[in-house]
Amino acid sequence: MTQPPKKPSPQDGAFWKTKTLEQLSKTEWESLCDGCARCCLEKLEDEDTGRIYFTHVGCRLLDGDACACRDYPNRSKQVPDCVRLTPKNVRELTWLPPSCAYKLIAEGRDLYWWHPLVSGDPNSVHEAGVSVQGRVVASENEVAAEDLEDHIVSWPALLPKRAKLKRRPG
């Protein structure tokens, strides 16, 4: 019994489908970021289990409304523990959100409908409820490190229902 032919993906032929992460140009690499800013939230790690807990507290450089770094070119100088994603570490980091394009591509999966490279709209990540827009309650400068556990939230590790749809609603 033969399998029915696989439905073609609207992403067939797109650079993220034809190249490995290592083959991407700097521009292509940067364009994979969907602008959700979930990776810019403060995280806690349970030393005993290694489990990662997200908070709704942003990095001091995060503009929570724009979901962007206030000083992206100099972020590593200003925030020494800012993790720069690389083809190697996206395969190893356990705290990347399930929606992260770098993680999806590393796993050989398609981007979601709301990713700006697919939708053509940089606001679709907000429309899908994936970004941190309107959900960051404070900056790391405003919350003491010992109080971060009072700010643990589960939503950054989850994908909203509307984001899981096969195409843009409506």
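Brief remarks follow.
- Compactness ratio for the chain: Cα radius of gyration over 2.2 N^0.38 Å (N = residue count) comes to 1.10.
- Per-residue ³J(HN,Hα) for the stretch 56-70, Karplus 6.51 cos²θ - 1.76 cosθ + 1.60, θ = phi - 60°, Hz, x for Gly and Pro: 9, 9, x, 4, 5, 8, 6, 8, x, 7, 8, 6, 9, 6, 6
- Net +/- balance of residues flanking G50 in space, Cβ distance below 15 Å, scoring K and R +1, D and E -1: -3
- Local net charge near A138, Cβ-Cβ under 12 Å (Lys/Arg +1, Asp/Glu -1): -3
- When you restrict to C-alpha pairs under 8 Å that are six or more residues apart and normalise by the size of the chain, the relative contact order lands at 29 percent.
- Ordering of 51-61, 144-154 by packing [mean C-beta count within 10 Å, highest first]: 51-61, 144-154
- Each Lys or Arg adds one and each Asp or Glu subtracts one; over the other residues with Cβ under 10 Å from the Cβ of V118, this totals -1.
- Summary of the geometry: the stretch 70-144 and the stretch 11-45, compared by the centres of their Cα atoms, lie 8 Å apart.
- Ranked by how many other Cβ atoms sit within 10 Å of their own Cβ, fewest first, the residues W95, W16 fall in the order W95, W16.
Every number here is computed from the coordinates shown, using simple stated rules; none is lab data. What you see is a predicted model; the values in this text were computed from it and never measured. Reconstructed Cβ throughout: ideal geometry from the backbone, glycine too, with neighbour counts over all protein chains shown.
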